[in-house]
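S.K.: Take this structure first; my questions come after.
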Amino acid sequence: NHLEQALKKALDEQQFALHYQPQINLASGQVIGYEALLRWQSPLGNVPPSEFIPVAEETGLIVPIGEWVLRQACRDTKRFHALGKASANISVNVSARQFKDPDFSQKVRAIFEEEHVDPRHFEIEITESVMLDIEHSARVICELKELGLRIAIDDFGAGYSSLNIIKNIEIDTLKIDKSLMDEVLINRRNLFILAAIIEVGKNLNARIVVEGIELEEQAELLKPFGVVGQGYLFSRPLPPGSIDAFLSEAP
Ligand code: G
Ligand code: G
Ligand code: MN
Ligand code: NA
């Protein structure tokens, strides 16, 4: 497979980069964390994750790529701390496929030890796809939590088993999918659903992050709910050069 070969080469030749998108406490305006998002700068141009992540998952290459992501995020975190932002949370996306690696939590532990980074600065974003093998996933999640990592459910409300997942797993953060935010200003039903999900999350002691905030009106509407926002209104995912400048200026 051509894409598979190109992905192997990308790892060897350092064609990957992590971009970081800020997450903002809507009430205070304070930046509380950043989501790391993988980017592939191939010699033929940028390839979006929607194209290469599925291939990486099918071929198993997501395992070594995921290790690179965690290690790079650790290194970036040390740089952020040097800029005086030691309290910022770093979120990293992890595929269900990575959980299948029997050594996954051991490898994660080793990376944090080698990089001298405290796992408590990190949150792992998983999706409902972990429900396909819930017994195994639940065990891995327990191991990760024992290391001090927090667990976020990504794309909440977008799929089929969203409620099932929070029923079965003790999560720290609910990330509400952009699709619910998209129509919130024109369709009140979406607002009622959003408010109900926020209520559920709060009762589960989870932090709520609303994704895909693009408009000032959306941010204003959400302010009274005491949630965190992420979206183009505040910032696009920023490449390594820009994130340091953003951090230096952030409150
Ligand atoms: O950044 P953006 O649209 O382009 O991301 C698209 C999708 O790729 C998202 O669903 C996101 O969860 C996934 N993704 C981004 N970075 C990573 C990563 O480092 N690891 C995994 N497994 N998925 C990622
Ligand atoms: O699936 P996941 O939530 O991990 O992916 C987040 C994706 O959403 C990233 O690719 C990121 O670039 C994208 N994203 C973040 N904020 C916005 C936004 O306000 N609008 C749109 N259209 N995409 C966004
Ligand atoms: Mn995510
Ligand atoms: Na999402």
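A short reminder: the numbers here are calculations on the coordinates, not readings from a lab. The structure presented is a predicted model; accordingly, all values stated were derived computationally and were not measured. Here the Cβ is made from the backbone with ideal geometry for all residues, glycine too, and neighbour counts use every protein chain on show.
S.K.: Looking only at the chain, where both bridge partners belong to it, what percent of the DSSP beta bridges are antiparallel (to the nearest 5)?
M.R.: Here the share of antiparallel DSSP bridges comes out near 40 percent.
S.K.: Using only the alpha-carbon atoms, how far is helix 188-203 inclined from the longest principal axis of the chain? Give it as 0 to 90 degrees, nearest 10.
M.R.: 70
S.K.: How big is the chain in terms of Cα radius of gyration and Dmax, in angstroms?
M.R.: Looking at the chain, its Cα Rg and Dmax stand at 17.8, 50 Å.
S.K.: What does DSSP give for segment 80-166 in terms of the percent of beta bridges that are antiparallel, rounded to the nearest 5?
M.R.: DSSP beta bridges in segment 80-166 are roughly 0 percent antiparallel.
S.K.: Under the rule of -39500 (n - 2.57) per DSSP H run of 4 or more residues, summed and divided by the residues of the chain, what mean residue ellipticity at 222 nm is obtained, to the nearest 500 deg cm²/dmol?
M.R.: -14500 deg cm²/dmol
S.K.: Relative to the first principal axis of the alpha-carbon coordinates of the chain, what is the inclination of helix 240-249, with its axis defined by its Cα atoms, in degrees from 0 to 90 and to the nearest 10?
M.R.: Helix 240-249 sits roughly 40 degrees off the main axis of the chain.
S.K.: Using 11 Å as the cut-off for backbone N distance, which residues of segment 87-109 belong to the label zone defined by a point 7 Å from the Cα of ARG139 along Cα→Cβ?
M.R.: Residues passing the 11 Å test: 102-103.
S.K.: So, one more: Tell me, in nm to one decimal, what length is gained between GLU183 and LEU132 on full extension, where the rule is 0.36 nm per residue of separation less the Cα-Cα distance?
M.R.: Between GLU183 and LEU132, full extension yields an extra 15.4 nm.
S.K.: Shifting gears a bit: Tally Lys/Arg at +1 and Asp/Glu at -1 over every other residue whose Cβ is under 11 Å from the Cβ of LYS100; what's the total?
M.R.: That works out to -3.
S.K.: So, one more: For the chain, what is the charge dipole size about the Cα centre, in debye to the nearest 20, if Lys and Arg each add +1 at the Cβ and Asp and Glu each add -1 at the Cβ?
M.R.: Charge dipole, the chain, about its Cα centre: 380 debye, nearest 20.
S.K.: Let me ask you something else. Among LEU144, SER87, THR173, flag the residue with its Cα farthest along the positive direction of the charge dipole of segment 74-188, charges on Cβ as +1 for Lys/Arg and -1 for Asp/Glu.
M.R.: My answer, from the dipole projection, is SER87.
S.K.: Quickly work out the LYS223-to-LEU147 label distance, labels modelled 7 Å from Cα along the C-beta direction, and quote it in nm with one decimal.
M.R.: 4.0
S.K.: So, one more: How much length would be gained if the chain were fully extended between GLN5 and ILE32, taking 0.36 nm per residue of separation minus their Cα-Cα distance, in nm to one decimal?
M.R.: 5.9 nm
S.K.: Then there's this: What FRET efficiency comes out for ARG75 versus GLU51 if R0 is 22 angstrom and r is the Cβ-Cβ distance? Round to the nearest 0.05.
M.R.: In this case the efficiency is close to 0.25.
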